[in-house]
Amino acid sequence: MKKNSKILITGGTGSFGSKFIPLTLEKYNPQRLVVFSRDEIKQWDMQKVYQNDNRVRFFIGDVRDKDRLHRALQGVDFVIHAAATKIVPTAEYNPFECVKTNINGAMNVIDTCIDKKIKRVVALSTDKACNPVNLYGATKLASDKLFIAGSVNNTGDTKFSVVRYGNVMGSRGYVIPFFLKKKNEGVLPITDIRMTRFMITLDQGVELVWHAFSDMLGGEIYVKKIPSIKIVDLAKIIAPKANQKIIGI
């Protein structure tokens, strides 16, 4: 990623975007940074933060809408694809919607980036895409393969890579604030005693994306070496006196 470039991030009002945007504005001073997302309330709140920064632009749109992507990607150099249906139970109960966003949306991003001759594209993935046991992981695995194939089968100059990291500390839906909330109830739900969490901070996630942009030739999956902790040990640290109830994966 070069300075004074034009960047777009899908799902830019999420946890990753909220960290990526200020750090990237400071480090790379982009000419334009486009936040593309479908949640108008989150965009409204974020606009207040950057109301005096004319580098930051906002597009209401959904990765399911290919025409809207075409409009938003006009003149863009680099794309970060962060939009996804991410909550595991939500994906299980709404499988059609999960597929539409995580797979069909990925296809739309790939096709549109090729059409618009975007230089480099980095898609965010998850450790759950490795040997997936749930629909969210399965759709992200499919998405990863689509992005890799985008580089292999693309005769143009657009390059695609994937960044795959673990459980982001401090992000919405993360297990630590969930356990802290449940702590006073005296019982913490555990999916499986063998479950492991791979710990990464949002700052580290942003740095990994920057690294991918500077290093990529196209077709890579970047996996950062990060520490892990067993879920039962994490539960004991947060609430040593609470009981642990096994609820199943």
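The values are calculated or read from the model by the stated rules, or taken from the named source; none is laboratory data. In this text, all values refer to a predicted model and were calculated from it rather than measured experimentally. Using ideal geometry, Cβ is built from the backbone for each residue, glycine included, and neighbour counts are taken over all protein chains shown. Calculation scope for accessible area: heavy atoms of the full protein, side chains included, ligands and nucleic acids excluded. Shrake-Rupley method; radii C 1.70, N 1.55, O 1.52, S 1.80 Å.
For a paramagnetic label modelled on residue 247 (point 7 Å from Cα along Cα→Cβ), amide N atoms under 15 Å away belong, within segment 91-132, to 91-93.
For the chain, adding -39500 (n - 2.57) for each run of n ≥ 4 DSSP H residues and dividing by the number of residues yields -12000 deg cm²/dmol at 222 nm.
Neighbours of residue 216 by Cβ distance under 12 Å: Lys/Arg scored +1, Asp/Glu scored -1, total +1.
In a simple Cβ point-charge model (Lys, Arg +1; Asp, Glu -1; nothing else charged), the chain has a dipole of about 380 debye relative to its Cα centre. Expressed as a whole percent, the accessible surface of segment 44-203 that belongs to carbon and sulfur atoms is 54, based on a 1.4 Å probe.
Take the chain with all the other protein chains still there, run a 1.4 Å probe, and you get 52 Å² of accessible area per residue.
Any idea what angle helix 135-152 forms with the longest principal axis of the chain, computed on alpha-carbon atoms, 0 to 90 degrees, nearest 10? With rounding to tens, the tilt is 30 degrees. Ranking 247, 5, 234 by Cα position along the charge dipole of the chain, where only Lys, Arg, Asp and Glu carry charges on their C-beta atoms, puts 234 farthest toward the positive end.
With respect to the cross-link table entries 116/140; 145/236; 2/42; 19/159; 66/181; 27/159, which display a Cα-Cα separation exceeding 30 Å? Too far apart for the 30 Å limit: 145/236; 66/181.
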